[in-house]
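See below for the structure under consideration.
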Amino acid sequence: MGLAAVCYANSLSNAFILDDVLIVAANEHIRHIDPAHVWFQSYWGDLNHAGIYRPLTIFSFSLEYPIWHVWAAGYRLTNVALHAVNGWLVFLLVDGLLASPAGALAAAAVYIIHPVQTEAVVSIVGRSELLAACLFFTALLLFRKGRTGWAALIYFLAALAKESAITFAAIAMLDVALTGGIPAVIRAWRRFAVLAGSGAAYLALRFHVLHGLGIPRSGQYLDGTMTLVQRWMTSGRVFTQYFRLLLFPVRVTGDYDFNSIPVAGLRDWDAWVGLLLVAAVIAFALSVVKKRPAVTFGILFFFVALLPVSNWIMPIALLMAERFLYTPVFGFALLAGMGWIGIRDKGPRWIVAGGVVAIGVILCISHNYIWQDTLTFHKNAVRALPQNARARIGYGFALLRMGKAEEAKAQFEAGLKIKPNSAPLLAGLANTLIRIDGGCDRVRPVLAQALAAEPGHWQSLWVLGDCFALEGKTELAEQSYRIAIQNSEFPDAKLLVSWGRLLEAQGKTPTAISAYERAAVIDPADEGIKARLKQLTREN
């Protein structure tokens, strides 16, 4: 707990950013505890499921909301506590595998302080990674002690926290195979049948809620246009980055969206290098299976745990993310623990330990500042990955909120060179042009392009409503705002306020009050919304 506190204490004051806002701060669904609703709704709500189903994670936020409300530090404190618990579970697992408390302590320390864990811990929605790992490790401990029924139940809950935990059954089988060989796996078939039943129950529930098992084509990376060959070749580049993050986690960013890692083909040598490196590591693991089964387990654990997010089996929404490494890092930590106890001389052993801990803690603390707010996050993402289109979007909007319209315009224009028909980038540029020009002459063509690329895009409709409002076309403005709100599962409080003001001007006070009330729920810290609500309520 002490190491986790030292690493992440300076992150507690960070703001809600990115998906933290949508899933926690502005999510009306977590404002009351309703298990029946949570278990039968997708992660992103009713309008856009994107193939993600994590009811246990959402339920954990609904349990916390009565305590923390919109105090980001409270949710982040829970994340740090979970991370510390996971470190303890890693200690117990490694101690069981190596029969060495010293090696287990080293592995747990590496797991806690590794800088690549920053995104999962500091990002509040990283809760899905933390909770799934906690349950995953607990299930593995129970399975190793012969408590198959409890392990199967907790395995089911782990998958409900995050879908990547579905690999637990394969990890359990790998553990048995390395301990007793294939005959031991065959003898334990009843135990694995129980785990398979638990996994099947999760998949059945997921199918019932999402009406599918995978990510729908519209939610996949590049709208599902990548071929199987492209996915596999690009994964070579991805794994090269993962190896870099494991060994040299200095340059980090929480966003690897288009075009951070260019799509690779058969002629791209660097992609082949990455794939050959993966093959070499796996071959090495298999070559030492008899002499060093723990080494084999650590390496194969890493790759098996990454399978659901590797794009090897089925396409997902992202090519890579640092948070994807949260559970797989266990394999790396196990190898680190073995390496540390392999140093026989106590002097060098403690020098290595001190150096690793110091470097890890310093990097963790420095990485936390990246997540301070949307400006620091996206500014770092643009610096680290200039070809990242989504980073340009985020940095542009952050600059726009600061009143730096010209700088924001430069970011949106740079993003459009990367992704020319991106509706969010076009909407951001249109919003910026309104601020600069005070009119909509240059805005109209940009909005037309955005709505042609993505009909019904809520941010574009919001800007269109602003144009109508500037031109005194209140009916059209109200209609644009209303449709924008309908098309967004998590509407911006400012959009609701703009709609409320127009409704007031049209004499639709009861509807305006409803709009302000919803805005107040989404952004309870906005005193202006509260004051307007109080005045309207008093007058009516």
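In terms of Cα to Cα distance under 26 Å, which lysines are near enough to LYS291, apart from those fewer than 8 places away along the same chain?
The reachable lysines, counting only those whose Cα sits under 26 Å from LYS291, are LYS145, LYS346.
Which of the following values of Kirkwood radius over Cα pairs in Å was calculated from the structure shown: (1) 25.0; (2) 24.4; (3) 27.9?
Of the listed options (1) 25.0; (2) 24.4; (3) 27.9, (1) comes from this structure.
Each residue of the stretch 191-198 in order: what ³J(HN,Hα) in whole Hz does its phi give by Karplus 6.51 cos²θ - 1.76 cosθ + 1.60, θ = phi - 60°, with x for Gly and Pro?
5, 6, 5, 5, 5, 4, x, 5
Using a 4.7 Å Cβ cut-off, which Cys residues in the chain lack a partner cysteine?
That list is CYS134.
Can you work out the Karplus-derived ³J(HN,Hα) for every residue in the stretch 321-330? Use 6.51 cos²θ - 1.76 cosθ + 1.60 with θ = phi - 60°, whole Hz, and x for glycine or proline.
7, 5, 5, 4, 7, 4, 6, x, 4, 3
Give, rounded to the nearest 20 debye, the magnitude of the charge dipole that the chain has about its Cα centre when Lys and Arg contribute +1 at Cβ and Asp and Glu contribute -1 at Cβ.
That gives a dipole near 1600 debye.
Could the peptides 392-401, 445-454 be put in order, highest first, of the mean number of other beta-carbon atoms found within 10 Å of their residues?
Numbers: 392-401: 23.4, 445-454: 17.7.
With the highest mean Cβ count within 10 Å placed first, the list reads 392-401, 445-454.
Can you tell me the order of 192-205, 154-167 when each peptide is scored by its average per-residue count of other Cβ atoms within 10 angstrom, highest first? Can you show the working numbers first?
Numbers: 192-205: 16.4, 154-167: 25.0.
Per-residue Cβ counts within 10 Å, averaged per peptide and sorted highest first, yield 154-167, 192-205.
Given contacts defined as C-alpha pairs under 8 Å and at least six residues apart, what's the relative contact order of the chain, whole-number percent?
On the way: 818 pairs, mean separation 80.9, N = 540.
Relative contact order, the chain: 15 percent.
Among PHE168, CYS7, HIS69, whose Cα sits farthest toward the positive end of the charge dipole of the stretch 2-370 (+1 at Cβ of Lys/Arg, -1 at Cβ of Asp/Glu, about the Cα centre)?
Of the options given, the answer is PHE168.
Choose one of ILE23, ASN311, VAL352: the residue whose Cα lies farthest towards the positive end of the charge dipole of the chain (beta-carbon charges +1 Lys, Arg; -1 Asp, Glu; about the Cα centre).
Toward the positive end, the furthest listed residue is VAL352.
Would you work out which of GLY126, VAL273, PRO262 lies farthest towards the positive end of the dipole of the chain? Charges go on Cβ: Lys and Arg +1, Asp and Glu -1.
Farthest towards the positive pole: VAL273.
Coordinate-derived values only; no laboratory data. All values derive from a computational prediction rather than experimental measurement. Heads up, the Cβs are rebuilt from the backbone with ideal geometry, glycines too, and the neighbour counts pull from every protein chain shown.
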